[in-house]
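Right, one structure below, let's go through it.
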Amino acid sequence: MKIQKRTVALIIYFILLLLPIYWMLNMSLRTNADILKVFSFYPQEPTFENYLKIFTDKSWYSGYLNTIYYVSMNVVISLVTALPAAYAFSRYRFLGDKHMFFWLLSNRMAPPAVFLLPFFQLYSTFGLIDTHFAVALSHCLFNVPLAVWILEGFMSGVPREIDEMAYIDGYSFPRFFLTVFTPLIRTGIGVTAFFCFMFSWVELLLARTLTTTAAKPIAATMTRTVSASGLDWGLLAAAGILTIVPGALVIYFVRNHLAKGFALGRV
Amino acid sequence: MKKWEDNKAWFMVIPVFLVVAVSAILPLMTVVNYSIQDIFGPDNRVFVGLEWYQEVLSDTRLHDALKRQLLFSSLVLLIEIPLGVLIAMLMPKRGWGASLSLVLVALPLLIPWNVIGTIWIIFTRPDIGLFGAAINALGVPFDHTAAPFDAWVTVLLMEVWHWTPLVVLLAYAGLQAIPEAYFQAARIDGASTWATFRYIQLPKMRGVLTIAVLLRFMDSFLIYAEPFVLTGGGPGNSTTFLSIYLVKLAVGQFDLGPAAAFSMIYFLIVLLFCWLFYQALLKVGTGDKS
């Protein structure tokens, strides 16, 4: 009886959790005229018109391509720079290591709004405004520290004896790192990539400010539609649903590491 | 784990240092630079010292935004932490139910922040939204675009919907880490559910809950995209939180000096909480860093 009550309470929570998402899905399958005319709990005449428009209209689908482009770039930069650093933090004690670690964390926590203005000025100076690279680099502000933190946690789980054995066996450091160590922490690398992807994917403020047209992210395309008069709810909902898809596709594989990633690698 | 002592490890940290230096130190220096000068043009700057700081500290709109922010962040903590712990305790501990629950709970965390705003506009509008229509059908007038109180409630609801899952994930991870033997001992002693919670689960979750409280406090302190999309800071200034006010000041009015001074103060507040957070992390972390 007690277990029954628990399950019911949990199911009620999940319904409340999914209701807003369901409502957007409902809207995305209806035309705008239909949405404004009748109030309905489910799409009476489901149509994929909105999705079709997004996939065929360049101003819409280029937003997705831009986002995927700079997010991938950011994941690569974050991983490549964070791997050796995380190894250093997990294996060595060196001058100022703790201060460095705290400084990295403080960047993860810095308000993006504070960095908005200087980023804009800095990237203007180098002619980087409206490039994918500018957004990818600015997202390193929070993703590189995050990557170092998560990877360090995973690396500390690998016994140091493995390193020592490899050196005794005559492995050079680069060879050891690439052929022995990296495969050992591949779960950690996957989890790190997921979180870098996620945090770069959901960020709006920096991505929107640093781009105008050529690298405009889908998030900005959506907010600009909101401010326009007579906006198309169905289209907006469809665009929103499509932004949820990438996260929802891979979440199952990282389900046991979610707490770790969101708490910066320490749970 | 014992570590090797070697300062050459710095070479491995250099790439990270360089990337973060470009994306953090240089911008921060620019902000400091702006905050003590009055800039009329590229070649026309006047050193003004702490004038902007004084102006910002006596800005009543900033005081209002700060009060709003503190009230908001406190409410967020008061609601999300107990709710998150409760849900984490309801979730099944193993089997396919555990996997399914984790995936479902985490879903809101993976949605772009501005899309969260969009979801809630669609969900709460009185004309097309389920929530807005339902509340109105109950005879309570509700319109988050016109009434400040309604807007406030909507932003709070949205925040709770969006971020309680994070607290759930953390609390759940904390609960999973408690050895089964504790519960067996409690059962043998005939402990009630409440006693088990109070004397076993809660103390064991202290570490992760500290992390949860600090993370939630800081992130709600920095909230921008969701209310920006949902209400744009209005109606009036009722949902203008610190970040929104800062962006209005910097990009909207282009008041570089005050905006920079404001940024510095904002950053220092966050840094203080960040330090507390770090201390908390060290306590629950892998021991050898503390």
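Please list, in order along the stretch B:145-159, the HN-Hα scalar couplings obtained from phi with the Karplus expression 6.51 cos²θ - 1.76 cosθ + 1.60 (θ = phi - 60°), rounded to whole Hz, x for Gly and Pro.
So the J values, rounded to whole Hz, are 8, 10, 8, x, 4, 4, 4, 4, 4, 5, 4, 5, 4, 4, 4.
Would you mind checking which residues have amide H under 5 Å from A:Arg93's amide H? H placed 1.01 Å from N; only 5 or more apart, or other chain.
Long-range HN contacts for A:Arg93: B:Trp4, B:Glu5, B:Asp6.
Across peptide B:216-225, what mean number of C-beta atoms from other chains lies inside 10 Å of a residue's C-beta?
Average neighbour count from other chains, rounded to a whole number: 3.
Could you rank the peptides B:257-266, A:158-167, A:184-193 by their average count of other C-beta atoms within 10 Å per residue, with the highest value first?
B:257-266, A:184-193, A:158-167
If the only charges are +1 at each Lys and Arg Cβ and -1 at each Asp and Glu Cβ, what is the size of the charge dipole of the stretch A:56-262 around the Cα centre, to the nearest 20 debye?
160 debye
Long-range amide H contacts for B:Gln37: which residues qualify at under 5 Å (H placed 1.01 Å from N, peptide plane, sequence gap of 5 or more or a different chain)?
It is B:Val48, by chain and number.
Helix-only estimate, please: 222 nm mean residue ellipticity of chain B, summing -39500 (n - 2.57) across DSSP H runs of length 4 or more and dividing by its residues, to the nearest 500.
Helices in chain B give a 222 nm mean residue ellipticity of -21000 deg cm²/dmol.
Of the cross-linked pairs A:Lys5/B:Lys204; A:Lys5/B:Lys93; A:Lys260/B:Lys93; A:Lys260/B:Lys204; A:Lys37/A:Lys58, which ones have a Cα-Cα span greater than 22 Å in the structure shown?
A:Lys5/B:Lys204; A:Lys37/A:Lys58
With each pseudo-label sitting 7 Å past Cα toward Cβ, what's the A:Glu161-A:Asp57 distance in nm, one decimal?
So the label points at A:Glu161 and A:Asp57 sit 6.3 nm apart.
Label the stretch B:60-284 by shape, choosing from rounded, prolate and oblate, from the square roots a ≥ b ≥ c of the eigenvalues of the Cα gyration tensor; if a/c is under 1.5 it is rounded, and otherwise prolate applies when a/b is larger than b/c, oblate when it is not.
Taking the square roots of the gyration eigenvalues as a ≥ b ≥ c, the stretch B:60-284 is oblate.
B:Leu57 versus B:Val251, label points 7 Å from Cα toward the beta carbon: distance in nm?
2.9 nm
Using the Karplus curve 6.51 cos²θ - 1.76 cosθ + 1.60 with θ = phi - 60°, work out ³J(HN,Hα) for each residue of the stretch A:245-256 in order, rounded to whole Hz, and write x for Gly and Pro.
Per residue, the Karplus-derived 3J(HN,Hα) values read 3, x, x, 5, 5, 9, 4, 4, 6, 10, 4, 7 Hz.
For B:Lys67, give me every one of the lysines with a C-alpha distance below 24 angstrom, ignoring sequence neighbours fewer than eight places off in its own chain.
Cα-Cα hits under 24 Å: B:Lys248.
Take every residue in peptide B:97-106, count the Cβ atoms of other chains within 10 Å of its Cβ, and give the average of those counts.
Across B:97-106, the average partner-chain Cβ count within 10 Å equals 5.
Count, for each residue of A:240-247, the Cβ atoms from other chains sitting within 10 Å of its Cβ, then give me the mean as a whole number.
Going residue by residue through A:240-247 and averaging, the value is 4.
Explain nothing, just compute: Karplus ³J(HN,Hα) = 6.51 cos²θ - 1.76 cosθ + 1.60, θ = phi - 60°, for every residue of the stretch B:118-128 in order, whole Hz, x for Gly and Pro.
Coupling constants for the stretch B:118-128: 4, 4, 6, 4, 4, 6, 9, 4, x, 7, 10 Hz.
Readers should treat all values here as calculations from the given coordinates under stated rules, not as data from a laboratory. Keep in mind that what you see is a predicted model, and the values were worked out from it rather than measured. Methodologically, a virtual Cβ is constructed for each residue, glycine included, from the backbone with ideal geometry; neighbour enumeration extends over all protein chains shown.
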